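The values are calculated or read from the model by the stated rules, or taken from the named source; none is laboratory data. Note that the coordinates shown come from a computational prediction; the quantities given were computed from them, not determined experimentally. Glycine also receives a Cβ, built like all others from the backbone with ideal geometry; neighbour counts cover every protein chain displayed. For accessibility, only protein heavy atoms count, side chains too; no ligands or nucleic acids. Shrake-Rupley method; radii C 1.70, N 1.55, O 1.52, S 1.80 Å.
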Amino acid sequence: MLSLERIPDQVGYLVLNDDGAVVASGGELENDEHMANIITGLVTITDKIDTVAFPPEESFKKISVNFESYSYVVCLSNKKIHVVKRRIMQEDTNENQEAS
Amino acid sequence: MGCCYSCKEDLNSQSGEVNERTHLLVDPVSNNTAIQRVHSDDFIAQYPNSLPKKSDEQSALNRILQETATNVIDVAALDSHNLEQHEYLERMRHYTQRLGAMGANINLRFKRSENAVGVGGAGAGNLLAPSTLGGSSTSPSGRLHLCLLSDIPAPEKVLAEDHPNPEDLAIISGALEKATKALSDLKVEHREDLVVPFRIP
């Protein structure tokens, strides 16, 4: 998982399989089962997707969970959840969640 | 014990002695039957040859029996409705017909959602999955079958993108706060009576 380690400002990463088990990890998130459970819960939080609001051809590429000094970026690739914790240099961002 | 007790009581009441077991109140039921019995005995004694009374009693008993039978719901008799062979066939034909009419439509929707999400390998067993899951990803195993995220080829590229613009985040936070406030302010205003009396003639 060298590719994830090379992401700028990253302080930790997690790769989870579709059951939520940790496949690979590093940095601050090394073997962080607790965070793995939270992320899996976040990604599978819905049991019904409104196809009018979220048509299948326009689904999200990533979920960012932003805090003041760091953010978690989550994306799905090859049926695996990739999570990267990145430091934020700016100070004016509030705690919120943005999906893009 | 109960039998002994009642016998004793009977003896007591017959002999008319008053002791601690004597009832203060007279039992109305036994009283009534006693009167009845005495009355009918008297009647038969008076007219020993008149048989119609007996048939009257018989018919009255029959009437009571019939009334009871109509008033009682026999649960054991209410057996589950067994389907006959021709009913099975009829239903099967009906369902097949309906499925045939709907089948093309379902297949079309299934294929469309599968292509859009890019998850293959779902067999015919998942025929109804798109309609029940709202057209989302149909991977049957794992917890990712319902996920807002789409599977993308190069995760590191997406993950390495710049952080969202703080101004965008502020807009989203503001909109979210407004929505939360609007939802918390939502209330039902009641104008008319919830219970309305029907005009029953």
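Step by step: first the residues of the stretch A:1-49, then only those that are hydroxyl-bearing (Ser, Thr, Tyr) and crowded, with 16+ Cβ neighbours inside 10 Å, then the one that is modelled with the lowest pLDDT. Which residue is that? Selected residue: A:Thr44. Within the stretch A:72-83, being farther than 19 Å from B:Pro166 by Cβ and either buried (at least 24 other Cβ atoms within 10 Å of the Cβ) or in contact (Cβ under 8 Å) with a residue 24 or more places away in the chain (or both) holds for A:Val74, A:Cys75, A:Leu76, A:Lys79, A:Lys80, A:Ile81, A:His82, A:Val83. Of the residues making up the stretch B:168-185, those that are out of contact with any Ser or Thr (no Cβ under 7 Å at 6 or more places or on another chain) and either at pLDDT below 90 or open to solvent by less than 100 Å² (accessible area, probe 1.4 Å) (or both) number 11. Looking at the stretch A:2-26 only, could you name the residues that are outside any helix (DSSP H, G or I) and more than 9 Å from every other protein chain (Cβ to nearest Cβ)? Result: A:Val11, A:Gly12, A:Leu14, A:Leu16, A:Ala21, A:Val22, A:Val23, A:Ala24, A:Ser25, A:Gly26. How about the stretch A:27-36: which of its residues are under 14 Å from the mean Cα position of the chain (by Cα) and within 14 Å of chain B (Cβ to nearest Cβ)? Passing the criteria: A:Leu29, A:Ala36. Just one residue in the set B:Thr96, B:Thr138, B:Thr132 is β-branched (Val, Ile, Thr), modelled with pLDDT of 80 or more and either within 41 Å of the chain's Cα centre (by Cα) or at positive phi (or both); that residue is B:Thr96.
For A:Glu68, indicate whether it is free of Cβ contacts under 8 Å to residues at least 12 places away in the same chain, out of contact with any Gly (no Cβ under 9 Å at 6 or more places or on another chain) and of a type in the set (D, E, K, R). Considered against the rule, which asks whether it is free of Cβ contacts under 8 Å to residues at least 12 places away in the same chain, out of contact with any Gly (no Cβ under 9 Å at 6 or more places or on another chain) and of a type in the set (D, E, K, R), A:Glu68 comes out as no.
Take the residues in the stretch A:55-69 that are more than 7 Å from chain B (Cβ to nearest Cβ) and within 25 Å of A:Val84 (Cα to Cα), then tell me which one is farthest from the chain's Cα centre (by Cα). Per the criteria, the residue is A:Glu58.
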